[in-house]
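Comments concern the structure below.
Readers should treat all values here as calculations from the given coordinates under stated rules, not as data from a laboratory. All values derive from a computational prediction rather than experimental measurement. Quick reminder, even Gly has a Cβ in these numbers, built from the backbone with ideal geometry, and neighbours come from all protein chains shown.
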Amino acid sequence: MAEIVLFHSVLGLRPGVTDAAERLRSAGHIVHTPDFYEGKVFDDYSAAFQWVESIGGIPELISRTQAAVADLPEDVVFAGFSNGGVSAELLAATRPGARAAVLLHAAMPLEAFGAQTWPASVPVQVHYAADDPFRKQESIDAFAAAVRGSGAPYEFFEYPVSGHLITDASLPGEYHQEAAQTLFEQVLAFLERVDQS
């Protein structure tokens, strides 16, 4: 059993996030789902990005990310969707004791956080659609090189579909049931390996 912090995307704590948390809980894990938006959710990326800027942008999201885990133990798994994956990556890279990182449609160069190296003790799993409109291959490659360079296990899964939040059934224009099923199978298998390590 792992204790997991699962961060939502720029669209907020949508059903796709709470459904994912329930899948993980059903497998015996403890899952926290911080809500950075205090109940506000979006259907449109542009509106969501504008709202984030209105509350202080990236610095405010970083502050909320750190506040969300202030009272949690060190040895947790950090996971997240899209910019929530960036929150997970930030904490896994900089918070001592992190157990693992699961990045769903997210990967940033460590320099974005001011980090020099990835912790060798923190395994990583990354998931992307092949045709993700927000995908930046150079960022994925830089992150993968940093993790592999540290000696930490790194897994990357790509799905032959289009869309960004491909596991969120409440977003019919992006959801892909088969890809979502495979993704969660891989995540659960990864968490089992983390538990056994």
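Using per-residue counts of other Cβ atoms within 10 Å, averaged over each peptide, order 6-14, 143-151 from highest down.
Details: 6-14: 24.4, 143-151: 17.4.
In descending order of packing, they fall as 6-14, 143-151.
Sequence-distant or interchain residues sharing an amide H contact under 5 Å with Val31, placed H: which?
Ile4
Hey, can you grab everything whose amide H is under 5 Å from the amide H of Val126? Only 5+ residues off in sequence or another chain; H modelled, so Pro and N-termini drop out.
Leu103, Glu155, Phe156, Phe157
Treat every Asp and Glu Cβ in region 57-146 as -1 and every Lys and Arg Cβ as +1, leave all other atoms uncharged, and give the resulting dipole magnitude about the Cα centre to the nearest 20 debye.
80 debye
At a threshold of 8 angstrom on Cα-Cα distance, excluding pairs fewer than six apart, so keeping six or more, what relative contact order does the chain reach in percent? Walk me through the numbers on the way to the answer.
On the way: 371 pairs, mean separation 36.7, N = 197.
It rounds to 19 percent for the chain.
Could you work out how far apart the two model spin labels at Ala70 and Thr117 are, taking each label as a point 7 Å from the Cα in the direction of the beta carbon, and quote it in nm?
According to this spin-label approximation, the distance is 3.1 nm.
Would you calculate, for the chain, the mean residue ellipticity at 222 nm contributed by helices, counting each DSSP H stretch of 4 or more residues as -39,500 (n - 2.57) and dividing by all residues, to the nearest 500?
Numbers: 6 runs with 80 residues, N = 197.
It lands at -13000 deg cm²/dmol.
Just to be sure I understand, if you calculate volume of the Cα convex hull per residue in Å³ for this structure, which of [x] 118; [y] 133; [z] 107 do you get?
[z]
For Phe156, Phe36, what's the fewest-to-most ordering of other Cβ within 10 Å of each Cβ? Intermediate values should be presented prior to the final figure.
Details: Phe156 15, Phe36 22.
Fewest to most other Cβ atoms nearby, the residues stand as Phe156, Phe36.
With a 10 Å Cβ neighbour count serving as the proxy for reagent exposure, in which order, fewest first, do Thr65, Thr94 appear?
Values: Thr65 23, Thr94 14.
Sorted ascending by nearby Cβ count, the order is Thr94, Thr65.
Among Ile58, Ile166, what is the fewest-to-most ranking by other Cβ atoms within 10 Å? Walk me through the numbers on the way to the answer.
Numbers: Ile58 12, Ile166 25.
Fewest-to-most ranking of Ile58, Ile166: Ile58, Ile166.
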